[in-house]
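Note sheet for the following structure.
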Amino acid sequence: MTVAVVPGSFDPPTLGHVDVIARAVEVFDRVLIAVVANPSKKPLFSSAERTRMLEEICADWENTDIDAFEGLLVHFAEAKNADVIVKGLRAVSDFEYELQMAQMNNHLTGVQTVFLPTSAEHAYLSSSLVKEVGRFGGSLDGLVSPVVAAALKERFQ
Ligand code: PNS
């Protein structure tokens, strides 16, 4: 059984994240979505809130689990006996930083990273842009799941 970790800040989860999770679900036996509890930027949503949103979004996928972690991703992956880390690539601009992280993670514990391309339709999506759109009252249709749209509206009321 191949277990894949899909890590991220998910602050908040976008339809781009959902796209990557959906692709991972097709390829791997189990998909463990790992919410970083302490992202470098101060999060809009707590790790419990981000975890809850992902639980709702992924409820129909039986082979997914959601967990929050602190510290190094490689230590979390080891503790969960994960086989690979999965990262989504939206555009070439993502590649340089993602490659650097994949190489560092491989250096630390030998873990492999698998890159999955997002659909072109989601290439421009990011959590920070979604927060900006939500903050200033723009339409969130086609950007996030209904549960996330509701949470953003409530947060920015
Ligand atoms: O959604 P993001 O913010 O692009 O996700 C980045 C994330 C959480 C995957 C990355 O920052 C991470 O792995 N953080 C945990 C700390 C860590 O392991 N740092 C070393 C990476 S080489």
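Looking only at residues in region 60-93 that are closer than 21 Å to Asp29 by Cα and of a type in the set (D, E, K, R), which one is farthest from the ligand (Cβ to nearest atom)? Result: Glu62.
Taken together, the residues in region 1-46 that are of a type in the set (A, V, I, L, M, F, W, C), part of a helix (DSSP H, G or I) and open to solvent by 20 Å² or more (accessible area, probe 1.4 Å) amount to 5.
When Gly142 is tested against (1) within 16 Å of the ligand (Cβ to nearest atom); (2) in a loop (DSSP other than H, G, I, E, B), only condition (1) is not met.
A quick yes/no check of all residues on (1) among the small types (Gly, Ala, Ser); (2) in a helix (DSSP H, G or I); (3) modelled with pLDDT of 95 or more; (4) closer than 19 Å to Ser127 by Cβ:
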| residue | (1), (2), (3), (4) |
| --- | --- |
| Gly71 | yes, no, yes, no |
| Val74 | no, yes, yes, no |
| Glu98 | no, yes, yes, yes |
| Asn105 | no, yes, yes, no |
| Thr113 | no, no, yes, no |
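Counting just the residues of region 1-30 that are away from the ligand (no atom under 15 Å from the Cβ) and without any contact (Cβ under 8 Å) to a residue 60 or more places away in the chain, which one comes out farthest from the chain's Cα centre (by Cα)? So the residue we want is Met1.
If you go through region 62-77 one residue at a time, do you hit one that is out of contact with any Lys or Arg (no Cβ under 9 Å at 6 or more places or on another chain), closer than 26 Å to Arg155 by Cα and surrounded by fewer than 14 Cβ atoms within 10 Å (Cβ to Cβ)? The answer is yes, given that some residue of region 62-77 is out of contact with any Lys or Arg (no Cβ under 9 Å at 6 or more places or on another chain), closer than 26 Å to Arg155 by Cα and surrounded by fewer than 14 Cβ atoms within 10 Å (Cβ to Cβ).
Contact map, region 56-72: first residue farther than 12 Å from Ser145 by Cβ, second residue in a loop (DSSP other than H, G, I, E, B) and open to solvent by 70 Å² or more (accessible area, probe 1.4 Å), Cβ cut-off under 6 Å, separation 6 or more or different chains; pairs are Glu70/Asn38.
The values are calculated or read from the model by the stated rules, or taken from the named source; none is laboratory data. Quick caveat, the model's predicted, so the values are computed rather than measured. FYI the Cβ positions are ideal-geometry reconstructions off the backbone, even for glycines, and counts take in every protein chain you see. Surface areas here come from the heavy atoms of the whole protein model, side chains and all, with no ligands, DNA or RNA. Shrake-Rupley method; radii C 1.70, N 1.55, O 1.52, S 1.80 Å.
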